[in-house]
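Any read-out appearing in this document is the output of simple, stated calculations on the displayed coordinates, not a laboratory observation. Everything numeric in this text was worked out from a predicted model, so none of it was measured. When we count neighbours, we look across all protein chains shown, and the Cβ atoms used for this are built from the backbone with ideal geometry, even at glycine.
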Amino acid sequence: MSEKTRREFLRQSAGAVGGACLFSLGLGLYARQVSALPATALRPPGALAEKDFLSACVRCGLCVRDCPYDTLKLSTLGETVATGTPYFEARKIPCEMCEDIPCVKACPTGALDRSLTEINKSRMGLAALVDQETCLNFLGLRCDVCYRVCPVIDKAITLERVHNPRSDRHAMLLPTVHSDHCTGCGKCEKSCVLPEAAIKVFPVKMAKGKLPEHYRKGWEEKEKHGGSLIGDQIQMPTRRPEQTVPGSAPGGLDSGWKP
Amino acid sequence: MSAAVSPAPTFFSHSLFGKWLLLRRASQLAILALFLLGPWFGIWIVKGNLSSSLILGMLPLTDPLLVLQSLAAGHVPYRDALLGAAIVILSYLLIGGRVFCSWVCPVNVVTDAAAALRRKLGIKGGRAPAASTRYWLLGGILVASAITGGIVWEFVNPVSMLHRGLIFGMGLAWALILGIFLYDLLVASRGWCGHLCPMGAMYSLLGRTALLRVSANKRAACDDCMDCFVVCPEPQVIRPALKGAGTDSPVILDANCTNCGRCIDVCNRDVFRFTQRFDRRTTP
């Protein structure tokens, strides 16, 4: 190999290596950037956590093909969901929660985990009643539609009766989501009668808060222990204005308690 | 036109007609049609796309590069995908890795069109990256998959995007395909398939031991018209076999040969033919 061709060869090789490295680096950064799932996109049942999902899903669309309700679709270039991966939007077509979960069975890679055999245990997302200002039940009406369409009715969504302070004589039945039963199928969001749904389903990570590890709920600990953990407590007197003794100091500060 | 005189190469003789070219286009079209029969007419022979598919509800096929990236990213796929990748790998080990490129890949139609137009318009020059760039890129995306924990090439892969797009919906992938067409047309001759595509690089590596090969078995009859060099997508693979430079064998053994058969089509002296790699016979 002559000096000139060797130099040419080295130059070309360096270009190839450098170019490929730079491109791969850019691609890796780009991939990391677009890996965040947007708020309206939900993954099929049994989907691994988003990061693991993106290492497993080969974008073949077999889950889409086996979905009997055309719920699932593959993202295309330009959408905010990672290109080619399956997702659905609750407000468009929610998951009908097939008992045999055909989408999970179809997945060849395990991006949809086959250990999910009961559809009620799937966690595609989590519903949240995001707008109490427009929810008809919060306005005192009896809409209840989200509650009634819920496939896990009375567990995932309950109606909580509270006093309506506006009319002062009616009840309000507030749709309340319980995360230990909500599958995130999206039927509530789909069926919300408002032009823009007051109840929405988000990826679990987005909808769910988390208590610090060390927090304990006193009432739960008490029940677990079968009694108070810190012994009996002194019953403090109640001080209420209507209990004031006639003729005592104005303002009702005297509770009438005597040692 | 007499058989004794080589006709001047024309646009048509080089790019539109020829038995193997027509067969190749038929193969590419038939594979796409098989995938489209389901969604268009409800005839489910094949489900999925080139990334992974299921034939007649039983035979899985999976793109080995996707499985490699998935493994690099730390996920061990289910047996279905592993078996699918194994079937694909074994098939291409036999018939030549880059048979995928010339007989299956939908982007081949785009880059062939760009190459034909480039010849017709007489566009010369440009700047092609070294042909080894694809191997570095192949390594690069595996490393990037391992570091980011995701299948990174699928964020830009024009091959799967075009094929998936035609079956499931294209989105902005048209722009990417147009980009590749213009790149091959204006910037680098055969730039995408021959220099950059890491899928092609992987299939090249698979094709090193392929049984099915093209042989220049009548190389003695070659009249140096250069037609084969002009149409070949990887022209460097022809010389050792045709000119016997450094080898006795007339068989094109270079793993980058895509077994497209274009050289057989265009040769007026019938120098080339398909055979198996150990067939060292030559006929005068």
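First check a/c for region B:19-205, with a ≥ b ≥ c the square roots of the eigenvalues of its C-alpha gyration tensor; if it is under 1.5, answer rounded, and if not, answer prolate when a/b is larger than b/c or oblate otherwise.
Taking the square roots of the gyration eigenvalues as a ≥ b ≥ c, region B:19-205 is oblate.
Report the semi-axes of the equivalent ellipsoid for the protein assembly as shown in whole Å, largest first, where each axis is √(5λ) for an eigenvalue λ of the Cα gyration tensor. Don't skip to the answer; put the middle values down first.
On the way: eigenvalues 893, 112, 83 Å².
So the three semi-axes of the protein assembly as shown are 67, 24, 20 Å.
Can you tell me the dipole magnitude for the protein assembly as shown around its Cα centre, using point charges on the Cβ only (Lys, Arg +1; Asp, Glu -1), in Debye to the nearest 20?
Values: 61 positive and 43 negative charges, 320 e Å.
Approximately 1540 debye in magnitude.
Tell me the net charge near residue B:275. Cut-off is 10 Å between Cβ atoms, residue B:275 excluded, with +1 for each Lys or Arg and -1 for each Asp or Glu.
On the way: positive: B:213, B:273, B:277, B:280, B:281; negative: B:279.
Value of the local net charge: +4.
Give me the dipole magnitude in Debye, nearest 20, for chain B about the Cα centre, with unit charges on the beta carbon: positive for Lys and Arg, negative for Asp and Glu. Working shown, then result.
Numbers: 26 positive and 14 negative charges, 93 e Å.
The calculation lands at about 440 debye.
Give A:51/A:208; A:187/A:224; A:73/A:210; A:155/A:187 a once-over and call out the pairs whose C-alpha atoms are over 24 Å from each other.
On the way: A:51/A:208 18 Å; A:187/A:224 36 Å; A:73/A:210 31 Å; A:155/A:187 15 Å.
Long pairs (Cα-Cα over 24 Å): A:187/A:224; A:73/A:210.
Among B:256, A:145, A:64, whose Cα lies farthest out toward the positive end of the dipole of the protein assembly as shown, if unit charges sit on the beta carbon of Lys, Arg (+1) and Asp, Glu (-1)?
In the protein assembly as shown, that residue is B:256.
Output the peptides B:224-234, A:139-149, B:33-43, B:103-113 sorted from most to least packed, where packing is the average of other Cβ atoms within 10 Å over each peptide's residues. Spell out each step's value before the answer.
Values: B:224-234: 18.2, A:139-149: 16.2, B:33-43: 13.2, B:103-113: 21.1.
Put in order of decreasing packing, that is B:103-113, B:224-234, A:139-149, B:33-43.
In percent, what relative contact order does region B:212-276 have, based on Cα pairs under 8 Å that are 6 or more apart in sequence? Don't skip to the end; give the middle numbers.
On the way: 102 pairs, mean separation 34.0, N = 65.
Result for region B:212-276 is 52 percent.
Please identify the trypsin sites (Lys or Arg not before Pro) of region B:78-126 that satisfy two criteria: DSSP loop assignment and at most 15 other Cβ atoms within 10 Å. Which are they? Write down the numbers at each step before the final one.
Details: sites: B:79, B:98, B:118, B:119, B:120, B:124; in loops: B:98, B:124.
In loop regions of region B:78-126 (DSSP not H, G, I, E or B), the sparsely surrounded trypsin sites (Lys or Arg not before Pro) are B:124.
Just want the ordering: B:99, A:162, from fewest to most Cβ atoms lying within 10 Å of their own Cβ. Before the final figure, lay out the partial values.
On the way: B:99 24, A:162 10.
So the ranking, lowest neighbour count to highest, is A:162, B:99.
So how do A:206, B:202, A:236 line up by other beta-carbon neighbours within 10 Å, fewest first? The partial results should precede the final answer.
Details: A:206 13, B:202 23, A:236 7.
In order of increasing Cβ crowding within 10 Å: A:236, A:206, B:202.
Taking only the alpha-carbon positions of chain A and ignoring solvent, what does the Debye formula give for the base-10 log of I(q)/I(0) at q = 0.11, 0.17 Å⁻¹?
Rounded to two decimals, the profile gives -0.80, -1.25.
Lys and Arg at +1, Asp and Glu at -1: add these up for the other residues within a Cβ distance under 14 Å of residue B:248 and post the number.
Details: positive: B:219, B:243, B:277, B:280, B:281; negative: B:279.
The answer is +4.
At a 10 Å Cβ-Cβ cut-off, how would you order A:199, B:89, fewest neighbours first? Don't skip to the end; give the middle numbers.
Values: A:199 26, B:89 16.
Ranked by crowding around the Cβ, least crowded first: B:89, A:199.
Which whole number gives the average, over all residues in B:49-56, of C-beta atoms from other chains lying within 10 Å of the residue C-beta?
Details: counts 8, 1, 9, 9, 5, 6, 0, 0.
Mean partner shielding for this stretch: 5.
Can you tell me the alpha carbon radius of gyration of region B:212-276 divided by the globular rule-of-thumb value 2.2 N^0.38 Å?
Values: Rg = 10.1 Å, N = 65, 2.2 N^0.38 = 10.7 Å.
Relative to the rule-of-thumb radius for its length, region B:212-276 sits at 0.94.
Most fluctuating residue of A:184, A:125, A:18 in a GNM of chain A with Cα springs under 10 Å: which is it?
A:18
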